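In what follows, a structure is listed as structure tokens, so that the remarks can point back to it.
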Amino acid sequence: MSTPVKRFVAGAVCPRCSSMDTLRMYRDEEREYRECVKCDFADTMRLDGQPEPEELETRVNRLAEAPEPDAQPLLFHPNPGMSRTDH
């Protein structure tokens, strides 16, 4: 695989640092890339115009479900006969 040719975009302004003439673009078979040589801003876009695939739902990014209205929390109390070193 050959390295892509990176070309500066004349008059383009970086969306992060607002510097002019610091953005360069290049592409591969699937994506077009732009990056700022001053602040390390980077962005990509698919060449086929399709939207980016949605993030898979996991327990980390899903909205928290409200507990049932009559649910009671469980309280765990330490065993009074056990000290911390008796594990």
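The values are calculated or read from the model by the stated rules, or taken from the named source; none is laboratory data. Quick caveat: nothing in here was measured; it's all calculated off a predicted structure. Cβ coordinates were reconstructed from backbone atoms using ideal geometry, including for glycine residues, and neighbour counts include every protein chain displayed.
Worth pointing out:
- Filtered by the rule that a residue be more than 29 Å from Pro53 (Cβ to Cβ) and part of a loop (DSSP other than H, G, I, E, B), the range 18-36 gives Ser18, Ser19, Asp21, Thr22.
- Among the criteria (1) modelled with pLDDT of 85 or more; (2) in contact with a strand residue (DSSP E or B) (Cβ under 8 Å, 6 or more places away or on another chain); (3) surrounded by fewer than 10 Cβ atoms within 10 Å (Cβ to Cβ), the one Phe76 does not fulfil is (2).
Let's see how each residue does on (1) in contact (Cβ under 8 Å) with a residue 12 or more places away in the chain; (2) under 17 Å from the mean Cα position of the chain (by Cα); (3) exposed (fewer than 14 other Cβ atoms within 10 Å of the Cβ):
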{"residue": "Lys6", "(1), (2), (3)": "yes, no, yes"}
{"residue": "Ser18", "(1), (2), (3)": "no, no, yes"}
{"residue": "Asp28", "(1), (2), (3)": "yes, no, yes"}
{"residue": "Glu54", "(1), (2), (3)": "no, yes, yes"}
{"residue": "Glu57", "(1), (2), (3)": "no, yes, yes"}
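- For the range 39-46, the criterion of being part of a loop (DSSP other than H, G, I, E, B) and either surrounded by fewer than 12 Cβ atoms within 10 Å (Cβ to Cβ) or in contact with a Pro (Cβ under 9 Å, 6 or more places away or on another chain) (or both) is met by at least one residue.
- Residue check, Cys36 surrounded by 11 or more Cβ atoms within 10 Å (Cβ to Cβ), in contact with a Phe, Trp or Tyr (Cβ under 6 Å, 6 or more places away or on another chain) and touching a residue at least 12 places away in the same chain (Cβ under 8 Å): no
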